[in-house]
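Novice: One structure follows; several queries about it will come next.
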Ligand SMILES: C[S@@+](CC[C@H](N)C(=O)[O-])C[C@H]1O[C@@H](n2cnc3c(N)ncnc32)[C@H](O)[C@@H]1O
């Protein structure tokens with residue numbers, strides 16, 4: 001076991017923090033899962049944390065991007081990935097071949113979201129569903145994470161690509177957002193701290209260590225915030241994440 005302080009702190013944070021993002025995802029997907037059936041593709045599925053909600057589907061295909069993974073994680077992720085993609089512009093699937101596309105926390109790395117939506121439209125059958133989540137008021141999480149999309153922009157991307165929007169939901173309200181950003185600060189602090197000068201290191205370490213000690217209580221507060229705000233879906237201009245639910249329009253032929 002690695003007993004280095006940095007590793008112990010990392011493990012402690014992992015165990016003690018209540019993950020409001022996961023809790024909101026699970027809550028929202030549990031409400032949608034009964035309507036998920038047929039052949040689905042999860043674009044950028046990662047290690048498939050939400051696979052369970054697609055158990056009622058006849059097929060659950062997954063994609064990932066090779067460059068997103070370190071060598072140590074590669075073998076495990078390869079076993080779970082149906083096919084690799086390098087961007088979202090060319091999915092190796094025929095036209096009209098899917099009943100649904102899921103895409104969670106990937107849109108913020110897409111250089112050309114319009115082209116990405118066009119490609120999803122191509123592979124979906126008319127009436128096919130799109131479930132998409134994307135970061136909004138949330139810190140950058142990788143060098144590829146370059147874009148944030150407002151609810152208006154998601155609406156526009158749908159309108160331009162013949163998707164009918166069923167809903168665009170916030171992940172709770174103000175308190176959920178502050179909590180999510182605070183927990184991200186707790187995880188990022190050790191890396192940022194290393195880069196500081198000695199005096200700043202001392203001054204910053206004191207409140208941080210206090211927060212570390214209080215983490216179980218802060219997590220309980222996070223659970224309470226989740227309980228209160230899990231049904232707050234209209235705060236789309238002040239939220240850490242957005243959920244889009246849309247359907248490809250069925251064009252009636254004359
Ligand atoms: C933050 S992870 C999200 C994983 C999972 N969907 C979740 O919600 O936990 C981002 C995923 O997007 C994929 N990805 C990264 N860059 C991409 C790109 N340019 N085109 C398509 N997928 C990409 C990676 O394979 C990675 O699994």
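The values are calculated or read from the model by the stated rules, or taken from the named source; none is laboratory data. No experiment lies behind these values; they were computed from the predicted model shown. For neighbour counting, all protein chains shown are included, and Cβ atoms are generated from backbone atoms with ideal geometry for every residue, glycine included.
Novice: Scan the helices (runs of 4 or more DSSP H) fully inside segment 1-87 and keep the ones with 2 or more residues being closer than 30 Å to residue 222 by Cα and free of Cβ contacts under 8 Å to residues at least 12 places away in the same chain.
Specialist: 5-16
Novice: Among (1) closer than 30 Å to residue 166 by Cα; (2) surrounded by fewer than 12 Cβ atoms within 10 Å (Cβ to Cβ), where does residue 4 come up short?
Specialist: (1)
Novice: While we're here: Provide a single number: the residues in segment 142-167 that are without any contact (Cβ under 8 Å) to a residue 40 or more places away in the chain, assigned to a loop (DSSP other than H, G, I, E, B) and away from the ligand (no atom under 16 Å from the Cβ).
Specialist: Number satisfying all stated conditions: 0.
Novice: Just wondering, is there one or more residues in segment 145-166 that are in contact with a helix residue (DSSP H, G or I) (Cβ under 9 Å, 6 or more places away or on another chain) and farther than 29 Å from residue 122 by Cα?
Specialist: No: segment 145-166 contains no residue that is in contact with a helix residue (DSSP H, G or I) (Cβ under 9 Å, 6 or more places away or on another chain) and farther than 29 Å from residue 122 by Cα.
Novice: Something else: Residue under question is residue 119, and the condition is that it be crowded, with 17+ Cβ neighbours inside 10 Å and in the same structural domain as residue 24 (by TED's automatic domain parsing); does it hold?
Specialist: When the stated conditions are applied, residue 119 passes them.
Novice: Look through segment 222-254, keep the residues that are without any contact (Cβ under 8 Å) to a residue 24 or more places away in the chain and assigned to a loop (DSSP other than H, G, I, E, B), and return whichever of them is surrounded by the fewest Cβ atoms within 10 Å (Cβ to Cβ).
Specialist: Among them, the one singled out is 254.
Novice: Quick check: is even one residue across segment 8-22 surrounded by 12 or more Cβ atoms within 10 Å (Cβ to Cβ) and in contact with a strand residue (DSSP E or B) (Cβ under 9 Å, 6 or more places away or on another chain)?
Specialist: yes
Novice: Here's a follow-up. If a residue must be on the phi > 0 side of the Ramachandran plot and away from the ligand (no atom under 12 Å from the Cβ), how many such residues does segment 33-71 contain?
Specialist: 1
Novice: Further, regarding this structure: Suppose we filter 219, 170, 176 for residues that are closer than 24 Å to residue 11 by Cβ, modelled with pLDDT of 95 or more and crowded, with 16+ Cβ neighbours inside 10 Å; which single one remains?
Specialist: Result of the check over 219, 170, 176: 219.
Novice: Would you tally the residues in segment 108-141 being in a loop (DSSP other than H, G, I, E, B) and out of contact with any strand residue (DSSP E or B) (no Cβ under 8 Å at 6 or more places or on another chain)?
Specialist: So the count comes out to 6.
Novice: Checking the conditions here, which among 77, 120 is farther than 23 Å from residue 245 by Cα and either in contact with a helix residue (DSSP H, G or I) (Cβ under 9 Å, 6 or more places away or on another chain) or more than 8 Å from the ligand (Cβ to nearest atom) (or both)?
Specialist: None of the others qualify; the one that does is 77.
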